[in-house]
Amino acid sequence: MPDITEMFSAPLTFNWTLSYRCNFVCEHCYSRDEECEELPTADLKRIVDVLAEKQVPFINFGGGEPLIRDDLFELAAYATQKGLNVSMNSNGWLLDRAAAERLGAAGFKSVGISIDSIDPLLHDDFRNMPGAWPRAVAALDHLQAVGVRSTMSAVISRINHHAFRDLLDLARAHGVGQVYLHNFKCSGRGFKNRQELDLSPEEWRAFYVEALAVKAQTTDLKISFDDPVIASLPGYEEQGLVKGSSCGKLSLHLRPNGDITPCGFIPLVVGNILKDDFDAIWFDSPVLKAMRAKEATGKCAGCSAFADCLGGCTARAFATTGDFNQPDPHCWK
Amino acid sequence: MPNPRRNPEIIWRIERRRRDEVLRALEAGEDVGDSGTVLLIEKGTMHQLNLVGGMIWERCDGTRDPAQIAAELAVEFAVERGELQADVDEFVKDLTARGWLLDA
């Protein structure tokens with residue numbers, strides 16, 4: 001496969017953290033302990049101008065809770081008017097009917113709501129917020145009522161890895177078209193709580209074998225995973241746009257102050273979008289280059305799956321060893 | 001033939017740096033038929049168009065018919081329009097069948 005920058009003059013997606021502030025304190029959160037200067041609206045619009053000029057087609061607002069910032073709607077409308085496709089992920093707490101209408105008016109292509117269990121008490125306990133579950137489910141209904149496409153996200157962990165089918169049924173019941181079953185990242189609070197929440201490599205393998213079988217039989221709902229370690233499963237044939245982690249290849253992450261990192265889970269700043277030349281970052285950053293050309297290390301060396309998985313999730317390897325090239329700790333091989 | 005226009009559901013962009021490289025290669029006499037210069041994303045799947053395909057795609061904005069597109073490309077490549085018309089017609093027909101182009 002050629003160098004990614006021979007094919008792409010910019011990433012396809014910017015995952016954009018407008019603020020690390022959040023009204024929840026989730027057990028797995030990568031960013032809850034982060035602190036960072038936030039930019040005024042005018043500077044956020046300047047960032048949109050850069051992204052539009054570089055023809056980045058997708059922005060996904062995350063966080064922190066994106067709805068914490070009052071100017072989210074204004075910023076999204078500005079980006080939409082510039083031709084970008086805008087989406088976001090939210091815990092749903094602040095997403096009432098009025099907010100849903102404003103999201104629709106701002107041009108959001110889709111809005112994702114995080115729901116980790118069909119058991120309200122379990123979800124609320126995981127999210128450390130009593131009453132979170134009914135408001136998250138209501139948010140899905142508000143989005144459906146105003147005609148904004150909704151998605152549902154669940155971070156797979158010890159609390160839900162046997163119950164993902166129930167989450168799919170919940171999504172169906174509330175008009176959701178796509179469910180993301182996210183892999184657990186050991187960053188931030190996720191690192192601190194990983195002994196309690198993370199699965200063993202063998203449990204991850206069992207989960208993916210089961211979930212992929214369900215996906216193959218499901219036609220009424222799109223089920224998505226974003227875990228490159230799946231590629232090492234025998235018979236796995238789905239072809240992504242790139243092999244291995246997409247971070248630094250198809251996507252980059254923006255911190256609240258405009259700093260760019262390869263992804264939200266890798267705290268290495270490769271430049272600032274308002275202060276540095278973007279092309280120099282994209283084409284020449286040593287960090288991005290290293291992520292795009294991983295070397296098989298440790299048990300990856302000689303492994304027949306490396307050509308497909310490229311060592312699995314780079315963020316997880318970096319979080320646990322400080323080295324991109326080390327094997328993904330979730331790898332079962 | 002009606003004026004073709006791009007399906008607005010398809011995300012696309014010109015890969016400028018790549019296109020500049022392909023243009024340089026073309027001037028050097030190299031075969032660039034398999035070199036993508038325009039990226040399309042359709043329902044999560046990525047496709048690439050080569051130089052000529054990308055230039056036709058750019059012009060499919062609903063304001064031009066295939067004859068006008070061929071005439072513009074003939075100027076770009078300094079050839080007779082007739083040499084390009086069949087390629088433009090086939091491209092438009094193929095992409096219309098895929099649903100990537102719509103009739104204006």
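Here are the numbers for this structure:
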read-out	value
Residue match in the range A:75-97 (condition: farther than 25 Å from A:Leu250 by Cβ, surrounded by 19 or more Cβ atoms within 10 Å (Cβ to Cβ), away from chain B (no Cβ under 14 Å) and hydrophobic (A, V, I, L, M, F, W, C))	yes
Enumerated helices (runs of 4 or more DSSP H) restricted to the range A:109-218, each holding at least 2 residues that are more than 18 Å from the chain's Cα centre (by Cα) and over 22 Å from A:Cys313 (Cα atoms)	A:120-127, A:132-146, A:164-173, A:201-217
Residue in the range A:83-103 that is more than 23 Å from A:Gly175 (Cβ to Cβ) and touching a helix residue (DSSP H, G or I) at 6+ places or on another chain (Cβ under 9 Å) present	yes
Filter result (more than 9 Å from chain A (Cβ to nearest Cβ), β-branched (Val, Ile, Thr) and either in contact with a Phe, Trp or Tyr (Cβ under 9 Å, 6 or more places away or on another chain) or over 23 Å from B:Asp87 (Cα atoms) (or both)) within the range B:30-46	B:Val38
Candidate set from the range A:33-60 (those that are away from chain B (no Cβ under 14 Å), assigned to a helix (DSSP H, G or I) and out of contact with any helix residue (DSSP H, G or I) (no Cβ under 7 Å at 6 or more places or on another chain)); member that is surrounded by the most Cβ atoms within 10 Å (Cβ to Cβ)	A:Ile47
Candidate set: the range B:1-14, residues that are closer than 22 Å to B:Ala70 by Cα and in a loop (DSSP other than H, G, I, E, B); chosen: the one farthest from the other protein chains (Cβ to nearest Cβ)	B:Met1
Qualifying residue in the range A:243-251 (condition: over 27 Å from A:Leu197 (Cα atoms), aliphatic (A, V, I, L, M) and buried (at least 17 other Cβ atoms within 10 Å of the Cβ))	yes
Residues of the range A:123-155 that turn out to be surrounded by fewer than 16 Cβ atoms within 10 Å (Cβ to Cβ), modelled with pLDDT under 95 and hydrophobic (A, V, I, L, M, F, W, C), as a count	0
Yes/no for B:Arg19 being surrounded by 15 or more Cβ atoms within 10 Å (Cβ to Cβ), within 12 Å of chain A (Cβ to nearest Cβ) and either of a type in the set (S, T, N, Q) or outside any strand (DSSP E or B) (or both)	yes
Odd one out for A:Gly258, checked against (1) more than 16 Å from the chain's Cα centre (by Cα); (2) free of Cβ contacts under 8 Å to residues at least 60 places away in the same chain	(2)
Qualifying residues in the range A:63-74 (those that are crowded, with 23+ Cβ neighbours inside 10 Å and touching a residue at least 40 places away in the same chain (Cβ under 8 Å)) - the one farthest from A:Thr261 (Cα to Cα)	A:Leu72
Boolean, A:Pro11 is within 13 Å of chain B (Cβ to nearest Cβ) and not basic (Lys, Arg)	yes
Among (1) closer than 23 Å to A:Val214 by Cα; (2) at pLDDT 95 or above; (3) of a type outside the set (Val, Ile, Thr); (4) surrounded by fewer than 18 Cβ atoms within 10 Å (Cβ to Cβ), the one test that A:Arg158 misses	(2)
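The values are calculated or read from the model by the stated rules, or taken from the named source; none is laboratory data. What you see is a predicted model; the values in this text were computed from it and never measured. Cβ sites come from the backbone with ideal geometry, for glycine too, and all protein chains shown count toward neighbours.
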